[in-house]
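The structure appears right after this line, and notes come after that.
Nothing in this text is a laboratory measurement; each read-out follows from the coordinates by a stated rule. Just so you know, these numbers come straight off a predicted model, no measurement behind them. Methodologically, a virtual Cβ is constructed for each residue, glycine included, from the backbone with ideal geometry; neighbour enumeration extends over all protein chains shown.
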Amino acid sequence: MRQPAVLVVGGGVAGITSALSLAESGLRVHVVERDEDIGGHGAKLCCKATEVCHQCGACIVADKIEGLRSNTGISVMTRTELRRLERNDREFQAHLVRRDNGEDVSLNAVIVATGFAPFDARHKPQFGYKECADVLTGLDLEEQIRATGSVQRSDGRRPRTIAFIQCVGSRDAHIGNNYCSGVCCKYALRMASLLQSRIPDLEVTVFYMDIQIGGKGFYEFYQGCRKRMRFTRAIPTKVAGNGSGTLEVRYEDVERGHLAEETFDMVVLSVGMVPAPDTTDLAQALGVSVNRDGFFSAPDPLEANQTDVEGIFLAGSCHGPKDIEGSIAHAQAAAMRTISFLGTL
Amino acid sequence: MNETGKTRASGNAQKVPVNKQVLVVGGGLSGIEAALSLSALGYETTLVEQSDSPTGDTAGILALYGLAEEPAQLMERRMAEARENPRIHFLLQASIVYVKGSAGDFQVRIDHAGTVCDRDFGAIAVATGVEVDIELPDTDFPQKVVTCSELESRLANLRYRYRTGGRKPSGIPENVCFIVEDSGEDSAIHSTSAIRNAVAIKKRSRGNVFVCCQNVNVSGEGLERLYSEARSQGVVIFKFDDEKPQISSTDTGLSVTVRDRSAVAQSGQTALVEIECDLLVLPERIRPPSNTASLQSVLQVRLDPSNYLQENNVWLKPTASNRKGIFFVGECRASFNLGDILTEARSTALAVHNLIGRGEASLPAARAVVDASRCAVCLTCLRSCPHGAVEVVFDDMTRGKAARIIDIACDGCGVCVAECPARAIHMAAGRNAEEAVVDGQPAQAGV
């Protein structure tokens with residue numbers, strides 16, 4: 001009997017993990033990826049090790065990508081999109097489109113692993129993103145460190161003071177994102193630590209509401225950060241250039257009860273995770289629903305991989321914000337549920 | 001060792017037959033979820049639980065998870081599924097005496113209510129969870145101090161009475177204050193628990209509810225909304241950093257003094273406020289079960305600095321132990337929130353499936369091989385192997401004892417190759433370990 005086939009939609013870390021797990025169990029796997037290449041957002045991250053590994057997971061993404069590339073049993077279609085999914089009896093028919101060429105594939109199950117989009121910081125104009133050259137997002141900083149190994153200001157000098165602003169696009173009911181992205185505290189503190197190890201006299205200020213403690217060893221790491229960085233419990237109201245090459249950050253100093261203004265060489269916006277742009281369209285094509293935050297919905301809180309359609313499963317941050325470790329575990333659970341489902345056919 | 005230990009070549013990789021029975025150590029949520037997931041993949045599991053209930057001692061712990069669904073109901077739902085599942089066999093009041101063998105072929109002795117029984121398993125999932133304890137502060141009003149789970153069970157009781165036609169509950173004190181301090185634990189479920197119970201109290205009483213905490217945990221589905229709800233219901237939240245709230249006794253009861261960052265006095269300084277409280281709620285500490293050390297020695301796995309079980313690699317293999325075929329599920333390796341535990345139980349089931357699913361396991365391509373003629377049986381390799389993959393056997397060729405690498409358990413790390421004083425071990429790769437293609441270059445002592 002021919003082995004059942006599974007379609008994995010999305011070739012980021014979650015999709016790759018699911019695909020590898022399914023292939024290891026002997027199933028036929030197709031991965032479709034809309035972009036030029038597999039890897040997703042995870043492939044753009046930099047290693048944040050200082051003298052020790054801080055478990056950011058960036059290297060794991062590289063491993064997973066390599067694992068998929070070297071696995072000849074999995075068919076990977078890049079620059080390909082899923083346009084339609086039809087169910088006939090016990091099979092799905094997926095209509096895939098690659099550069100205007102359509103192809104129909106028969107499948108027994110589908111794993112959705114389309115990931116997230118980083119919050120577009122321009123939607124918070126008060127932070128001056130794209131207006132001030134030294135205001136970066138966390139992802140910009142990742143890419144800069146990945147490319148150059150360190151960080152520099154737009155005029156080429158090294159920063160001496162840097163501010164991280166947390167919860168940009170998260171925990172913000174005004175813009176409709178009434179959830180915590182759960183990853184920004186971790187990536188910001190790891191990145192700040194990395195920069196301090198590269199630039200020894202760098203002064204770091206973290207503007208925050210609540211630090212999200214979670215994951216083995218993070219609490220201890222955070223306590224170490226408190227000794228080396230200044231934590232200010234406030235979210236700034238304004239970031240602007242001051243004409244002399246530095247940035248003015250205005251915030252409410254609750255300890256003293258007035259507005260404070262401080263100067264920084266650089267500002268990093270810890271942008272959160274929002275649903276991938278075409279989530280609603282894809283949900284419609286698949287016949288599944290999205291939740292109130294716009295991510296793919298798993299209606300039963302105890303079944304985080306199960307959509308409202310039998311045979312269609314969720315993996316990774318398309319279901320809601322997740323870090324790399326969380327995406328991998330979630331994607332493995334999706335593979336497990338898929339295998340179990342295929343066993344009942 | 002029985003038949004299953006012997007290797008045979010088939011196809012590309014060498015294979016060994018494996019046992020498809022799985023042992024789950026520990027009931028409770030993670031153990032039950034692991035057993036259910038394994039069952040969904042077609043495996044028979046034996047679930048060993050030391051208490052006399054399949055749920056284990058979860059009552060106090062479940063209270064801390066902070067869920068949309070009530071923890072007790074969730075547990076009931078899962079338990080009902082597990083009880084009716086013909087592939088899950090419960091052994092209650094049972095504990096593990098010893099474990100021999102290796103992945104695919106473990107021989108386990110179980111003490112089952114005083115009777116010893118021997119069983120064979122292909123894989124072991126450890127789900128021993130956590131314990132909670134608390135040292136309540138010494139006050140003049142001990143009856144006014146409760147733990148989070150005590151409060152939760154009181155609230156559940158009130159709800160129960162109300163539902164079953166009792167009078168509207170009036171047992172909630174006027175002023176309730178929670179103090180939640182970050183305590184070095186890996187998860188922040190205490191603050192979730194406090195916020196959730198604060199909302200629950202606000203919905204039932206007109207009294208005042210205060211939550212003093214360092215960081216509100218909102219990372220998890222629905223938690224930011226829960227926090228918003230708490231504030232809109234009128235729960236008063238004080239956040240503190242290094243300056244901790246002080247508990248003191250007054251003539252009539254307890255009071256908590258905390259700095260209010262939002263109220264600035266005329267002096268330009270934030271003010272200290274004093275909260276008279278009729279009920280003070282403090283979280284339990286979460287810690288590894290007291291018998292973790294003995295379990296560790298029985299399983300020959302490792303502990304981390306906080307005495308949780310140490311996973312093989314937090315990222316690459318979070319649910320794998322240092323020994324192949326032994327997996328960790330849920331809180332036995334760190335404190336987690338509930339969703340992560342369920343996900344992890346499923347991902348462990350998948351790892352078990354990929355190890356033993358076909359009834360045979362592929363041997364790792366690169367693994368260590370002992371040249372018995374050079375082995376002095378000094379046991380250096382046995383002691384230094386991080387994966388428990390070395391045994392001492394009678395060697396037919398040399399007619400004497402020699403170390404031997406248990407192929408399936410070898411992780412190919414090369415520690416034994418480096419450590420062997422007689423340079424009797426080398427790394428082999430390819431189909432036949434005997435046809436070594438990589439000669440081990442022994443590292444210098446101490447490197």
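Mind checking A:180-190 for the average number of partner chain beta-carbons within 10 Å of each residue's beta-carbon?
Details: counts 9, 2, 6, 1, 1, 2, 1, 0, 0, 0, 0.
The shielding value for this peptide is 2.
What is the mean number of Cβ atoms from other protein chains located within 10 Å of the Cβ atom of each residue in peptide B:303-309, rounded to a whole number? Before the final figure, lay out each step's value.
Numbers: counts 0, 2, 2, 3, 0, 1, 0.
Partner-chain Cβ atoms within 10 Å, mean over residues of B:303-309: 1.
In nanometres, what is the gap between the two model label sites at A:R69 and B:S262, each 7 Å from Cα along Cα-to-Cβ?
For the pair A:R69/B:S262, the computed spacing is 5.3 nm.
What distance in nm separates the simple spin-label points at A:T263 and B:Q246, each placed 7 Å from Cα in the Cβ direction?
It works out to 4.1 nm between the two label points.
Take the alpha carbon atoms of the range B:276-331, find their center, do the same for the range A:243-278, and report the distance between the two centers in whole angstrom.
Using only Cα atoms, the two centres lie 39 Å from each other.
Please report B:F336, B:F394 as a ranked list, fewest other C-beta atoms within 10 angstrom at the top and most at the bottom. Could the numbers behind the result be given before it?
Values: B:F336 22, B:F394 11.
Sorted ascending by nearby Cβ count, the order is B:F394, B:F336.
Using the C-alpha atoms of the range A:133-187, what convex hull volume per residue, in cubic angstrom, is computed?
Numbers: hull volume 5.3 nm³, N = 55.
In the range A:133-187, the Cα convex hull volume per residue is 96 Å³.
In square nanometres, what is the average projected area of the Cα convex hull of the protein assembly as shown? Please list the in-between numbers first.
Working: hull surface 156.9 nm².
If you wrap the Cα atoms of the protein assembly as shown in a convex hull and average its projections, you get 39.2 nm².
Counting helices only, and only those DSSP H runs with n ≥ 4, report the 222 nm mean residue ellipticity of the protein assembly as shown as the sum of -39,500 (n - 2.57) divided by its residues, in deg cm²/dmol to the nearest 500.
-7500 deg cm²/dmol
Quick one: 3J(HN,Hα) in Hz for the range B:303-308, Karplus 6.51/-1.76/1.60 with θ = phi - 60°, rounded, Gly and Pro as x.
These are the phi-based 3J(HN,Hα) values: 10, 8, x, 8, 6, 7 Hz.
Please compute the net charge surrounding A:S150, taking Lys and Arg as +1 and Asp and Glu as -1 over other residues with Cβ under 9 Å from its Cβ.
Working: positive: A:R158, A:R198; negative: none.
Overall, the nearby charge balance is +2.
Please work out the FRET efficiency for the pair A:D201 and A:D37, using the Cβ-Cβ distance as r and a Förster radius of 35 Å; give the result to the nearest 0.05. Each step should come with its number before you reach the end.
Working: r = 39 Å, r/R0 = 1.11.
My answer for the efficiency is 0.35.
Rounded to the nearest 0.05, what FRET efficiency do A:T237 and B:R285 have when you use their Cβ-Cβ distance and R0 = 41 Å?
Working: r = 39 Å, r/R0 = 0.95.
The computed FRET efficiency comes out at 0.60.
For the range B:91-159 and the range A:90-157, what is the centre-to-centre distance using only Cα atoms, to the nearest Å?
A separation of 44 Å, based on Cα centres.
Amide H to amide H, which residues 5 or more places from A:V274 or on other chains are under 5 Å from it, using H placed in the peptide plane?
Excluding prolines and chain starts, which carry no amide H, the hits are A:A117, A:F119.
Take the eigenvalues of the Cα gyration tensor for chain A, scale each by 5, and report the square roots as semi-axes in whole Å, largest first. Write out the running numbers ahead of the final one.
Details: eigenvalues 325, 80, 65 Å².
Over the Cα atoms of chain A, the ellipsoid semi-axes are 40, 20, 18 Å.
Just the number, please: percent antiparallel of the DSSP beta bridges in the protein assembly as shown, rounded to the nearest 5. Working shown, then result.
Working: 80 of 145 bridges.
For the protein assembly as shown, the DSSP antiparallel bridge percentage is about 55.
For the residues A:T114, A:T280, what sequence is obtained by ranking on other C-beta atoms within 10 Å, fewest first? Walk me through the numbers before you get to the answer.
Values: A:T114 31, A:T280 12.
Least crowded to most crowded, the residues run A:T280, A:T114.
Near A:G257, within a Cβ-to-Cβ distance under 12 Å, what is the net charge of the other residues, with Lys and Arg +1 and Asp and Glu -1? Don't skip to the answer; put the middle values down first.
Details: positive: A:R256, B:R261; negative: A:E252, A:D253, A:E255, B:D260.
Neighbour charge sum, excluding A:G257 itself: -2.
Count, for each residue of A:253-266, the Cβ atoms from other chains sitting within 10 Å of its Cβ, then give me the mean as a whole number. Mind showing how you got there, number by number?
Numbers: counts 1, 7, 6, 4, 9, 2, 0, 0, 0, 0, 0, 0, 0, 0.
Across A:253-266, the average partner-chain Cβ count within 10 Å equals 2.
Excluding A:Y129 itself, calculate the net charge of residues whose Cβ lies under 11 Å from the Cβ of A:Y129, where each Lys or Arg counts +1 and each Asp or Glu counts -1. Each step should come with its number before you reach the end.
Details: positive: A:R122, A:K124, A:K130; negative: A:D120, A:E131, A:D134, A:D140.
Residues near A:Y129 contribute -1 overall.
Please state the relative contact order of the range A:161-300 as a whole percent: Cα pairs under 8 Å, 6+ residues apart?
On the way: 218 pairs, mean separation 39.1, N = 140.
Once divided by the residue count of the range A:161-300, the mean separation gives 28 percent.
Once amide H atoms are built 1.01 Å from N in the peptide plane, which residues 5 or more positions from B:L303, or in another chain, come under 5 Å H to H?
Amide H to amide H, under 5 Å and 5 or more residues apart or across chains, B:L303 pairs with B:Q310.
Return B:C413, A:C53, B:C212 ranked ascending by Cβ neighbour count within 10 Å, so the fewest neighbours appear first.
Values: B:C413 17, A:C53 13, B:C212 22.
With the sparsest Cβ surroundings first, the list reads A:C53, B:C413, B:C212.
Would you kindly derive the ³J(HN,Hα) couplings of the range A:199-206 from the backbone phi angles with the Karplus curve 6.51 cos²θ - 1.76 cosθ + 1.60 (θ = phi - 60°), listing them in order in whole Hz, with x for Gly and Pro?
10, x, 9, 5, 9, 10, 10, 10
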